[in-house]
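Take a look at the structure set out below.
Just so you know, all these numbers are worked out from the coordinates, no wet-lab data involved. Values in this document were obtained by computation on a predicted structure and should not be read as measured data. Counting neighbours? That spans all protein chains shown, and the Cβs are built from the backbone with ideal geometry, glycine included.
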There are 2 protein chains.
Amino acid sequence: MTITPPDLRRTPDNDCFLRALRREPTERTPIWLMRQAGRYLPEYNAVRARAGSFMGLCTNTDLATEVTLQPLRRYDLDAAILFSDILTIPDAMGLGLRFVEGEGPQFERPVQDEAAIQALVAPDMNRLRYVFDAVASIKRALDNRVPLIGFSGSPFTLACYMIEGAGGGEFMRMRQMLYARPDLVHRLLSITQGAVSDYLVAQREHGADALMIFDSWGGLLSADGYEEFSLAYMRSIIAAVRATPSGRDVPVIVFTKGGGQWLERITECGCDAVGLDWTSDLRDVRSRFGSRVACQGNLDPAVLLSSEAGVRKGVHAVMRAAGESPGHIFNLGHGIMPRTPPENVAALVDAVRQHST
Amino acid sequence: MTITPPDLRRTPDNDCFLRALRREPTERTPIWLMRQAGRYLPEYNAVRARAGSFMGLCTNTDLATEVTLQPLRRYDLDAAILFSDILTIPDAMGLGLRFVEGEGPQFERPVQDEAAIQALVAPDMNRLRYVFDAVASIKRALDNRVPLIGFSGSPFTLACYMIEGAGGGEFMRMRQMLYARPDLVHRLLSITQGAVSDYLVAQREHGADALMIFDSWGGLLSADGYEEFSLAYMRSIIAAVRATPSGRDVPVIVFTKGGGQWLERITECGCDAVGLDWTSDLRDVRSRFGSRVACQGNLDPAVLLSSEAGVRKGVHAVMRAAGESPGHIFNLGHGIMPRTPPENVAALVDAVRQHST
């Protein structure tokens, strides 16, 4: 398949998500949902079964495109997000990513000692070509209707999995190394930072209209450690993206789960928007930082496991807290959960529309 | 064994912990460590093996006294904390607490539907007599050297385990019920709140010099949910304790793990001190709330897995952040981890002493 490079100057027909990221007025509150393509959708599960494995799905351009578009057919959403995994970069470094049913991602060759960290090198971006092909294919399939979000895990979050070999615990091996051998952690983070920068720039060049950095585990760090081991690297990545012709004006969202205490610093890292998990007081965040960055969030995804009435109540609380001024993008505080009834997502999107128009 | 009621008016010989809780000047920074009696100590493991089971240890007055005092023999600590578990109250309600090796606490009969919650009644405090006997025995064994801390889990934290049946996950059953049936959650919390109040008052009457409420899972809640489902109940408990003759002037510490964003409200709940996990910026918290409450914390317990040099560096950072004004109690941001080398704890206590005298 030959893919025509996208025209990055062309604005999507529905650009309210991009305008909200720039804190420009919008006629309604834009909405998209983390993990909007996923296991709660029967049509996703059908394609996932066809692909054979999770990585089989991510690496198949047509199937990755198909599942990215599925939620947009069901719901009136204002953005699509690349269907992929946050651990593609370490996989391309040779760590051997695999998904064990019911256990989440694992690496066959985690990076657990000094020798392994010293041996680590930046991945050849050609090994991530399947991601860029998916971005270009999705961009074409979207036919300019809504913007496409590209993304990466943050260096710290990738490092957690690379050192630990799997998620799910308290990342004790990583946390021990932070204090015992910070030099090794910094080496790992530096290599990963360069790869994330290149990865995001390539996604941008293949058609991503906005970029998001998922710092899923930054909340494990101490206040000082967060600056040193996570935020500093995200700041450098944003600067590197901004230094490229295509990345100069791409909106960037930073989402540190559990990072609500550090928003003062996060909002100064060069990002256009902050993702907020459900523990943050959105009203307070908007009043403190709303003139500096856009805010994306922050309904507890567990609300979607209740009832339509529960969902509408939750949506209204978030919308009231967000207030009238521009720069709010409705989202959950974390990804949609697998057991979520699709009709509750429909009620959520409808409630956001009703409230904001 | 007949136990003479303690004289609650008698001040311990070393009362710097109690003075720091009242934000009075102290000649040095007091220190104690969450889970200071525990699996990292070989002498603890020997007693634990003798007891046969974890609850066998908690319910044996002599053995519970012995393990409570063990860390005080090794280290120059300024307080003892009752050796017990946070789940004694639901156990006394009939849920059947058991500890499965390597899996943490579990309830044989969790409270998972409306009928089970409707059937729930407050526990007979006589079923918790073993805890009060331990408090009195420890108090006597301490011989007035240092203060004794009594404690309970918060109603919300107890409810998480009661509904889920075990810890370790994302408490999805609880989080779903919060939105689907808040009325049921409130019923469960109300019953638990009364029990926690009675439990803490009885510990005080048996000799506890200070009381601590562990809200280990409050950080799972949204900002509004935290006020409604956790903080409101802790506020009521503190008011109930204060309304008793023995509890009128007992210092109370509230520790919500992951609650750093909500300290403004926590410091107004009637507590004398807040426990801080390692994600909070201690310097910032002290400057904002140091004139209102004492601060207890907040070194990442993972520091104790590094080296003596790493421990000393971590201690100095905390001490500098705490500053000179009264009202800081040195502690970890969470409990000591089982794999912690005891000599690193010795280095930690020594570093706190060196820095503060």
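Would you mind listing the distances between the A:Glu268 label point and the same position in each other copy? Use 7 Å along Cα-to-C-beta, nm, one decimal, shortest first.
Ordered by distance, the counterparts are at 2.7 nm.
Placing +1 at every Lys and Arg Cβ and -1 at every Asp and Glu Cβ, with all other atoms neutral, what dipole size does chain B have around its Cα centre, in debye to the nearest 20?
460 debye
Under the definition of partner shielding as Cβ atoms of other protein chains within 10 Å of a residue Cβ, what is the mean value for peptide A:300-311? Show your work: numbers first, answer last.
Details: counts 8, 2, 14, 6, 2, 8, 8, 3, 0, 2, 6, 1.
For this peptide, the per-residue mean of nearby foreign Cβ atoms is 5.
Mind checking the alpha-carbon convex hull of region B:31-294 and giving the volume per residue in Å³?
Convex hull volume per residue, Cα atoms: 126 Å³.
Highest mean first, how do A:66-74, B:32-40, B:165-173 rank when packing is the count of other Cβ atoms within 10 Å averaged over residues?
So the peptides A:66-74, B:32-40, B:165-173, ranked by packing, come out B:32-40, A:66-74, B:165-173.
Along the charge dipole of chain A, Cβ charges K/R +1 and D/E -1, which of A:Ala122, A:Gln176, A:Gly323 sits furthest on the positive end?
The residue sitting most towards the positive pole is A:Gly323.
Placing a label point 7 Å from Cα toward Cβ, how far apart in nm is B:Arg10 from its equivalents in the other copies, listed shortest first to one decimal?
8.6
Quick one: if you stick a label point 7 Å off each Cα along the C-beta vector at A:Val121 and B:Arg320, how many nm between them?
Result for the modelled spin labels: 3.9 nm.
When ranked by the protection proxy of mean other Cβ atoms within 10 Å per residue, highest first, what sequence do the peptides B:107-117, B:339-349 form?
By packing density, highest mean first, the sequence is B:339-349, B:107-117.
For chains A and B related by rotation, which residue of A has the Cβ nearest the axis, and what is the rounded distance in Å?
Axis relating chain A to chain B; nearest Cβ residue and distance: A:Gln261, 3.
For B:Val121, place a label point 7 Å from Cα along the Cα-to-Cβ direction in every copy; what are the distances to the other copies, in nm, shortest first?
Once sorted, the set of distances for B:Val121 reads 7.3 nm.
How long are the three semi-axes of the equivalent ellipsoid of region B:213-357, in whole Å, if each is the root of 5 times an eigenvalue of the C-alpha gyration tensor, listed from largest down?
28, 17, 14
For A:Lys257, which lysines qualify as cross-link partners when the Cα separation must be under 19 Å and same-chain residues fewer than eight apart are set aside?
B:Lys257
Could you estimate the translational diffusion coefficient of the protein assembly as shown from the Stokes-Einstein equation, with Rh from the Kirkwood formula over C-alpha pairs, at 25 °C and 0.890 mPa s, in whole µm²/s?
In µm²/s, the coefficient is 92.
Size of the dipole of region A:189-332 about the Cα centre, Lys and Arg at +1 and Asp and Glu at -1 on the beta carbon, nothing else charged, in debye to 20?
Magnitude of the dipole: close to 320 debye.
If a/c stays under 1.5 just call it rounded; otherwise compare a/b with b/c (prolate if a/b is bigger, oblate if not). Do that for region B:52-138, with a ≥ b ≥ c from the square roots of the Cα gyration tensor eigenvalues. Walk me through the numbers on the way to the answer.
On the way: a/c = 2.72, a/b = 1.93, b/c = 1.41.
Since a/c reaches 1.5 and a/b is larger than b/c, the shape of region B:52-138 is classed as prolate.
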